[in-house]
């Protein structure tokens, strides 16, 4: 039976067009001058991506106005401004599809690429590659993407391994692999050859190290003789090296096994074809002396307790250089601790114009400064944020009382408790020729007051008699 025309419903809902798919185009070149290469330039990538977007007009793809590009950035990491802007917009929900010319424009590292894809998927963003016909909005595209990136990572690792093997093989044959040769050698057809004048200087340094008990005096001798580090010219025509000797340079030279006729490859030193400048007995004698000196004095080691130098990394000279914790030679069976200017370690005593500070004396003076503020904490309490001072649990009188009590019993604090106080409250100590300045950490004071309010039993607070008033 035929239905009459009047039976046809006239109130059908109007079809709603799908929302536009916002497409972000990302482009990258590793070198700024890559504009000359049309196949890899930013413009070529940009145009190819926009042509693909235009071809998908039926799917409601629309290009975004914002430009995401990185010029002169490697794809080996994701610390790129253009990429970071793209990721920020992805996180803000402003992007539906990311379009790239090739996958390696986005990242060359498998781990980074995987992290990017997880980020995209978490925000519902698809990735499309122009030249590799990949669209991750579907399962087949995601599978293809995983296969391609895995093989690309495999190829890069194989290429890197082959490169390392080639360099190691060249070194086994005595071929120099670039950079400046060490003092005492020159280069002829990429092989080390002896420079007679420099070689004599190197031998003299080894011999004088044995004869001169003071390394500082030896450094001064070398400076007076005009001895400098190896000077060379780069392929770009830049001059490098030619510096005055200091202790770091000296010990680097004395530890360089190339002077024994060896080269380093395959994670070990091996005999090479170049001529040695030092014989084994002289090398052994120098290194036995270095080992004995190292046992007598030196910087901290892993076994040094942290409480012995709580100001480590916090003491600086007026020149901005840090002062290094240092042990003296043993005297009467004990070692004394000092904070020494960096310049005196590398150049020699007196080079910085700053004093060597006894660690014990400096710690005592810094603690005395802190205890003064404990006895009169008005300045500290006045600088506290309003959010803390207006908190219901904040008790000005109780905190003042506990700080004063801490100062009164401070002589009984253990070394570990004193070190904890210093690390908490000291931001920096700046040392001048005749005095020093202690900068107190505002964050440390805040944490200190919070601990007192909440009665946290840290090492030093646990040693304060409880003075909480009874109700």
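The values are calculated or read from the model by the stated rules, or taken from the named source; none is laboratory data. Remember, it's a predicted structure, so these values are computed and weren't measured experimentally. Cβ placement follows ideal geometry from the backbone for every residue including glycine, while neighbour counts extend to all protein chains displayed.
Within segment 18-33, restricting attention to residues that are surrounded by fewer than 17 Cβ atoms within 10 Å (Cβ to Cβ) and farther than 14 Å from residue 62 by Cα, which residue is modelled with the lowest pLDDT?
Residues of segment 18-33 surrounded by fewer than 17 Cβ atoms within 10 Å (Cβ to Cβ): 18-21, 30-33.
Restricting the remaining residues to those that are farther than 14 Å from residue 62 by Cα gives 30-33.
Numbers: 30: 83, 31: 74, 32: 62, 33: 55.
Going through the qualifying residues, I end up with 33.
Which condition from (1) within 30 Å of residue 170 (Cα to Cα); (2) at pLDDT 85 or above is the one that residue 339 breaks?
The failed condition is (1).
Can you tell me which of (1) in contact (Cβ under 8 Å) with a residue 40 or more places away in the chain; (2) within 18 Å of residue 136 (Cα to Cα) is the one residue 71 doesn't meet?
Unmet condition: (2).
What about residue 210, is it touching a strand residue (DSSP E or B) at 6+ places or on another chain (Cβ under 9 Å) and assigned by TED's automatic domain parsing to the domain that holds residue 257?
no
List the number of the failed condition for residue 423; all other conditions in (1) within 30 Å of residue 341 (Cβ to Cβ); (2) touching a helix residue (DSSP H, G or I) at 6+ places or on another chain (Cβ under 9 Å); (3) without any contact (Cβ under 8 Å) to a residue 12 or more places away in the chain hold.
(3)
Can you find even one residue in segment 75-94 that is modelled with pLDDT under 90 and surrounded by 14 or more Cβ atoms within 10 Å (Cβ to Cβ)?
Yes: one or more hits.
Can you report the number of residues in segment 83-114 which are touching a residue at least 12 places away in the same chain (Cβ under 8 Å) and assigned to a helix (DSSP H, G or I)? Steps first, please.
Here is the first cut: in segment 83-114, the residues touching a residue at least 12 places away in the same chain (Cβ under 8 Å) are 83, 85-87, 89-91, 93-110, 112-114.
Going one step further and asking which of them are assigned to a helix (DSSP H, G or I), we end up with 83, 85-87, 89-91, 103-106, 110, 112-114.
Of the residues in segment 83-114, 15 are touching a residue at least 12 places away in the same chain (Cβ under 8 Å) and assigned to a helix (DSSP H, G or I).
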